Amino acid sequence: IFCSSSSERGNPRGRRSLEVEITLQIAMTSLAQGAASDVAKRGQSALSDPAACTLLSDAELCLNENEDHEQALQKAQEAVDLFRKAGDVGALADAVRVVVHAHLSKSSAQKAAGPGDDLKREALAEAERLAKAELEFFKAAGDKRNMGAMMLSVAEVQCHGISGKQRQGALELATEARELLRSSGDSKLEAAACHVLANIHASNHSRDEALLAAKEALGMVGTQKGEGKVLHTLAVIHATDGSMQEAIRFAREAAKRFKAAGATKLEAFEKYHLATWLLEADRSREALTMATQALGTFRELGYGHEWQAAALRTVVGAHVAKGDQALALKLAQQGVALARTAGDRWSEVLAL
């Protein structure tokens, strides 16, 4: 599914929709992370129940570092229950957002694993149900900040649907969420709302609106990791309309931010995307360097057979572009053999 070969270059529309999907996968690891530390900063009511903050912190660690969706769900849900019992509504909203992101991550993992549409839909449906239920609760309380937080969560869920109807609903919700978050002074969540809006506009092929929203997010996000994610979105927006030099420029900046933040996996992801765009721009030597580095990191981390296969495919494509067909064939055959040994049919398909 990853575009690197010359035959795929002839299908820009297909490439465009795929790149939007890729950036959504990264974007949905929300800019508004660190809910546990935010809870602790906001007031003594959260600190009065340190067990809830610990659970929320552990849930975020499970989700963002270990990618253990089930543990993240369990711990975040326990935190939700404790915050609800304590009447700490601000912390409650933040914990609910972590639960929603755990469901979204679970859905994305099901999609990456191949067949499993029912499980993917179940995760999305549960995430949307939860966010909408809490949205009604905060509406009844007239709590603008937490209404905005839940509207943003519903919009993030609907972004995963990618259908025109869902994108329109997500656009309306994210727009309203941004206004509520702006009026309540939560710049971190407002930045997340702008980033979601940028991705929705990109999905709708509304380039100017997407660029504007992404640049607004970039000005507010305030962390190296968050800036890296927004810069990646800017790279994708430019890549989808064929502005490869701009895409490459933004992707390089994104990779630098991820490196500065110590976000090794995201740095590798960005180098992989950068390699595909360099290859698209007929800069095969640079593409080979980036793809080789990404592949090395994925292998070192033992991460994502599908990402390893995609990076290997780009390495192969770069060798083909350089005229090294024999080496390209040898590497591709090695990729197939490794995938078969691991019993990874999806990576085997990509290597083939």
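The values are calculated or read from the model by the stated rules, or taken from the named source; none is laboratory data. Computed from a predicted structure; not experimentally measured. Methodologically, a virtual Cβ is constructed for each residue, glycine included, from the backbone with ideal geometry; neighbour enumeration extends over all protein chains shown. The accessibility values were calculated without ligands, DNA or RNA, using every heavy atom of the protein model including side chains. Shrake-Rupley method; radii C 1.70, N 1.55, O 1.52, S 1.80 Å.
Filtering segment 289-312 to residues that are open to solvent by 50 Å² or more (accessible area, probe 1.4 Å) and either over 16 Å from Glu65 (Cβ atoms) or part of a helix (DSSP H, G or I) (or both) leaves Thr289, Thr292, Gln293, Arg299, Glu300, Leu301, His305. When we screen Thr175, Thr233, Thr223 for residues that are surrounded by fewer than 23 Cβ atoms within 10 Å (Cβ to Cβ) and touching a residue at least 24 places away in the same chain (Cβ under 8 Å), the only hit is Thr223. Out of curiosity, is Ser57 at pLDDT below 55, of a type in the set (S, T, N, Q) and over 24 Å from Leu234 (Cα atoms)? Spelling it out, it is not the case that Ser57 is at pLDDT below 55, of a type in the set (S, T, N, Q) and over 24 Å from Leu234 (Cα atoms). Evaluate segment 107-126: report whether one residue or more is open to solvent by less than 20 Å² (accessible area, probe 1.4 Å), part of a helix (DSSP H, G or I), closer than 23 Å to Leu173 by Cβ and modelled with pLDDT of 90 or more. No, because not a single residue in segment 107-126 is open to solvent by less than 20 Å² (accessible area, probe 1.4 Å), part of a helix (DSSP H, G or I), closer than 23 Å to Leu173 by Cβ and modelled with pLDDT of 90 or more. Within segment 56-68, residues that are farther than 19 Å from Glu267 by Cα have Cβ atoms under 7 Å from residues that are open to solvent by 60 Å² or more (accessible area, probe 1.4 Å) and part of a helix (DSSP H, G or I) in these pairs: Cys62/Gln71, counting only partners at least 6 apart in sequence or on another chain. State which residue is least open to solvent (accessible area, probe 1.4 Å) when the search covers only segment 236-274 and only residues that are under 15 Å from the mean Cα position of the chain (by Cα) and hydroxyl-bearing (Ser, Thr, Tyr). So, considering only residues that are under 15 Å from the mean Cα position of the chain (by Cα) and hydroxyl-bearing (Ser, Thr, Tyr), the one least open to solvent (accessible area, probe 1.4 Å) is Tyr272. Being free of Cβ contacts under 8 Å to residues at least 40 places away in the same chain, open to solvent by 10 Å² or more (accessible area, probe 1.4 Å), of a type outside the set (Asp, Glu) and assigned to a helix (DSSP H, G or I) is a property that does not hold for Arg145. Taking residues in segment 203-214 that are closer than 16 Å to Arg167 by Cβ, and partners anywhere that are among the aromatic types (Phe, Trp, Tyr), not one pair has Cβ atoms closer than 9 Å while being at least 6 places apart or on different chains. Residues that are open to solvent by 10 Å² or more (accessible area, probe 1.4 Å) and in contact (Cβ under 8 Å) with a residue 60 or more places away in the chain within segment 190-202 comprise just one, Ala202.
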